[in-house]
Amino acid sequence: MRWFLGRVPVTDAMLIALSVEAQRRAFWFAGGASLAVVTDVWRALDQTLTTGGTLADFKATVGPALLAQWQGSVANPAWRMELIFRNATQRAYSFGRVEQLRDPAVARVRPIWFFDAVGDARTSEICRALDGTTLPADDPWWAAHTPPCHHGCRSIVRGLRASDPRAARAGNPPPLVASQTGFGTLPGEDDWRPRQADYPPEVWDAYSNNPRLRPQ
């Protein structure tokens, strides 16, 4: 939840004008939605993460506004809404897990990370290839292969004890398979809180107009 609260809602047009650092802390989705609609979607996702709401709850909350914004320009609006929902929630959950694994007390007993894909008929070729990759937590490979690794990704990272039989594979070379552009990134230590100076005033006003936000 803390990671997601640090994402600043922006439109497609605003995103391209931001620095790389600001883009990492931005929340956006393709479709040309207005800043007001993007902000409403961001708030609905924040509510989902906070209360454990469902995809159906999310669609009921923001579906009418998105359909009005898209005006028939999106071929499969139900799937697009699900993609927005899954991309945001999976990234937030994954980055929360990374923060847990980085805790010194956890890192001491679980120094090995394990890429765990779901392994069903919906598993992508990317995750099928990466499944089972086992490397030390500080291996640079994770900087570009921390789930989610593509749109709709359901994979996760698990921490392993050195005594776990799977940890013996940590010396094997990892697969030469890339994540989709914009995915697979490992959160940095400073990736949790945005800076007001990085965003236009109207964007920051829309972001900060949320009673759940703590003072920055």
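The values are calculated or read from the model by the stated rules, or taken from the named source; none is laboratory data. This structure is a prediction, so every number in the text was calculated from the model and none was measured. All Cβ positions, even for glycine, are placed from backbone atoms using ideal geometry, and neighbour counts span all protein chains on display. In case anyone asks, the SASA skips ligands and DNA or RNA and just uses the protein heavy atoms, side chains included. Shrake-Rupley method; radii C 1.70, N 1.55, O 1.52, S 1.80 Å.
At R0 = 35 Å, how high is the FRET efficiency between Ser34 and Glu99 if r is their beta carbon distance? Nearest 0.05 is fine.
The formula returns an efficiency of 0.60 here.
Return the carbon/sulfur percentage of the accessible area of segment 100-165, one whole number, probe 1.4 Å, all protein chains in place.
Solvent-exposed carbon and sulfur of segment 100-165 make up 54 percent of the total.
For the pair Ala178 and Gln47, how long in nm is the line joining their label points, each one 7 Å along Cα→Cβ?
Here the answer is 3.9 nm between the modelled labels.
With a cut-off of at most 15 other beta carbons within 10 Å, and DSSP calling the residue loop, which chymotrypsin sites (Phe, Trp or Tyr not before Pro) in segment 1-88 qualify? Please list them.
Hits after loop and neighbour filter: nothing returned.
Going from most exposed to least, what order do Thr48, Thr54 have by accessible area with a 1.4 Å probe?
Thr54, Thr48
Okay, helix-only estimate at 222 nm for the chain: each DSSP H run of n ≥ 4 adds -39500 (n - 2.57), divide by all residues, round to 500 deg cm²/dmol; what do you get?
Numbers: 9 runs with 92 residues, N = 216.
So the helix-based figure for the chain works out to -12500 deg cm²/dmol.
Computing the accessible area with a 1.4 Å probe over protein heavy atoms, can you report the carbon and sulfur percentage for segment 4-80?
59 percent
For a label point 7 Å from the Cα of Ala78 along Cα→C-beta, name the residues of segment 39-56 whose backbone N is under 18 Å from it.
Label zone hits: 54-56.
Whole number in Å², please: accessible area per residue of the chain, 1.4 Å probe, ligands, DNA and RNA not counted.
Ligands and nucleic acids excluded, the figure is 52 Å² per residue.
At 0.36 nm per residue, and after removing the present C-alpha to C-alpha distance, how many nm does the segment from Ser163 to Val109 gain when stretched out fully?
Taking Ser163 through Val109 to full extension adds about 18.5 nm, to one decimal.
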